[in-house]
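Working notes, structure below.
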Amino acid sequence: MKRRRPKSTFVPVADVLGAVTEDLKLDQRVQEFALLNLWPQLVGEPYAGCSKASRISRRGNETVLTVKVSDSAMASQMGFLLPTVQTKLNSYKAQTGIQVDKINVQVGKI
């Protein structure tokens, strides 16, 4: 008589990974990372070396992008550029799933 194998209690890896990435919000982090990496392309060469998109945070219903700049003169120049940059960032919403509502500029180490 053949011996029957007990039913497997293993869960497919895809199901486990899906649950883990959802629990740790890894999908959201990957999307944020992708958006932060777009910064040099969006601001162009003169500004890319003097500024860096450093983080994305959520405050209530607002998504806030924090940008670090090298000095106060660059912070002032960036103020004029931000509306255009925000429009460009939000044009990637379909790919990243993120709409930036506000951009904060901080002077600091890049």
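Which one is surrounded by the fewest Cβ atoms within 10 Å (Cβ to Cβ) among residues in segment 17-27 that are in a helix (DSSP H, G or I) and either charged (D, E, K, R) or touching a residue at least 40 places away in the same chain (Cβ under 8 Å) (or both)? Before the answer, list the steps.
Going residue by residue through segment 17-27, those that are in a helix (DSSP H, G or I) are 17-24, 26-27.
Now restrict to residues that are either charged (D, E, K, R) or touching a residue at least 40 places away in the same chain (Cβ under 8 Å) (or both): 22-23, 27.
On the way: Glu22: 11, Asp23: 8, Asp27: 12.
Within segment 17-27, the match that is surrounded by the fewest Cβ atoms within 10 Å (Cβ to Cβ) is Asp23.
With the requirement that a residue be among the small types (Gly, Ala, Ser) and outside any loop (DSSP other than H, G, I, E, B), what does segment 62-102 give you?
Residues of segment 62-102 among the small types (Gly, Ala, Ser): 70, 72-73, 75-76, 79, 91, 94, 97.
Passing the criteria: Ser72, Ala73, Ala75, Ser76, Gly79, Ala94.
Note on segment 56-85: residues that are in contact with a strand residue (DSSP E or B) (Cβ under 6 Å, 6 or more places away or on another chain), within 15 Å of Leu38 (Cα to Cα) and not charged (D, E, K, R) total 5. Within segment 67-110, restricting attention to residues that are among the β-branched types (Val, Ile, Thr) and crowded, with 17+ Cβ neighbours inside 10 Å, the residue that is modelled with the lowest pLDDT is Thr96.
Are any of the residues in segment 35-47 over 11 Å from the mean Cα position of the chain (by Cα), of a type in the set (S, T, N, Q) and under 22 Å from Asn90 (Cβ atoms)? Yes, segment 35-47 has at least one match.
The values are calculated or read from the model by the stated rules, or taken from the named source; none is laboratory data. Computed from a prediction, not measured in an experiment: that's the story for all the values here. Cβ atoms come from the backbone with ideal geometry, glycine included; neighbour counts cover every protein chain shown.
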